[in-house]
1. If eta is 0.890 mPa s and T is 25 °C, what Stokes-Einstein diffusion coefficient results for segment 1-143, Kirkwood Rh from Cα pairs, in µm²/s?
2. With each pseudo-label sitting 7 Å past Cα toward Cβ, what's the Thr116-His185 distance in nm, one decimal?
3. Once label points are set 7 Å from the Cα along Cα→Cβ at both Asp252 and Lys23, what is their separation, rounded to one decimal in nm?
4. What size of dipole, in debye to the nearest 20, comes out for the chain about its Cα centre when the only charges are +1 on Lys and Arg C-beta atoms and -1 on Asp and Glu C-beta atoms?
5. Give me the distance between the Cα centres of segment 157-196 and segment 1-53, rounded to whole Å.
6. Inverting the mean 1/r over all pairs of different Cα atoms, compute the Kirkwood radius of segment 1-74 and quote it in Å.
7. Among residues other than Glu136 whose Cβ falls under 11 Å from its Cβ, what is the net charge (Lys/Arg +1, Asp/Glu -1)?
8. Kindly give the semi-axes, whole Å and largest first, of the ellipsoid equivalent to segment 91-174, taking each as the square root of 5 times a Cα gyration tensor eigenvalue.
Amino acid sequence: MYGAILGDIIGSPFEFDRGDKTKDFGLFSKGAEFTDDSVMTIAVAEALLDAGKDAPTGRIRELVTESMQKWGRKYPHAGYGGRFRVWLRQENPVPYGSYGNGSAMRVSGAGWLYDTLERTREVARATADVTHSHPEGINGAESVAAIIFLARTGSSKEEIRTYVTEQFGYDLSRTCDEIRPQYHHVESCQETVPEAIIAFLEGNDFEDVIRTAVSLGGDCDTLTAIAGSMAEAFYGIPALLTAECRDRIPEDMLNVLNRFDKELGNHF
């Protein structure tokens with residue numbers, strides 16, 4: 001999850017096409033701060049930890065809904081979309097058919113916690129469809145969680161590319177150089193997740209993936225959060241960047257990260 005949060009923080013100053021579409025920038029430039037991407041990543045992770053590995057998907061949906069509403073109300077000005085803000089305030093929230101990229105940016109915890117690819121995808125689907133019940137919203141979450149699982153369990157990038165192309169139908173044949181000139185701010189899964197995957201596939205290490213994702217522009221904090229979540233699983237994260245992440249989030253979010261690290265057997 002560090003990769004998603006770092007991607008969010010580093011990408012945040014360049015959201016809404018405010019960057020120069022270059023890989024040459026200060027990683028933590030002015031205005032670099034966590035946004036809704038990090039808040040919801042933490043919310044989903046906490047719900048999955050509370051549920052336990054074997055919880056039925058109905059229970060997962062219930063806990064994800066409760067956790068996202070709790071964290072969203074705690075951080076009401078983190079930059080949520082309009083329909084999601086309404087959902088956060090509802091007493092009996094229901095899915096609203098979104099295909100926005102929020103389902104993919106918040107799902108990284110599901111990629112780490114489960115022992116099989118099938119269970120990973122099942123849980124990812126459950127985390128998405130409490131709000132993002134459109135097939136593209138679900139595809140976005142499932143594909144990102146699946147890539148994290150495949151990356152952390154030793155699959156090559158070519159194996160990952162093949163799996164995602166066959167299972168989700170994303171066009172991963174493009175290059176970042178081909179995408180970059182015309183790419184603009186867009187918040188759909190189908191126009192964010194493939195681009196984030198391509199940035200991950202092209203990157204040479206964690207930091208290079210982050211820089212490549214930022215250079216594409218668009219909904220930069222979310223795109224980079226998604227790319228960073230996959231890069232962490234494939235490359236790991238340098239200790240200095242992990243420490244930077246921990247220093248830039250509040251104690252309540254850090255407590256969830258600590259629980260997550262303990263679950264995975266990581267120690268800081």
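Taken together, the values in this text are just the output of simple stated rules run on the coordinates, not laboratory data. As the structure is a prediction and not an experimental result, all values here were calculated from the model. Note: ideal-geometry Cβ built from the backbone for every residue, glycine included; neighbour counts use all protein chains shown.
1. Result for D is 158 µm²/s.
2. Going from the Thr116 label point to the His185 one covers 4.3 nm.
3. My value for the distance between the label points is 3.9 nm.
4. 540 debye
5. First find each Cα centre; the distance between them is then 19 Å.
6. Its Kirkwood hydrodynamic radius stands at 13.9 Å.
7. Summing Lys and Arg as +1 and Asp and Glu as -1 gives -2.
8. 23, 15, 9
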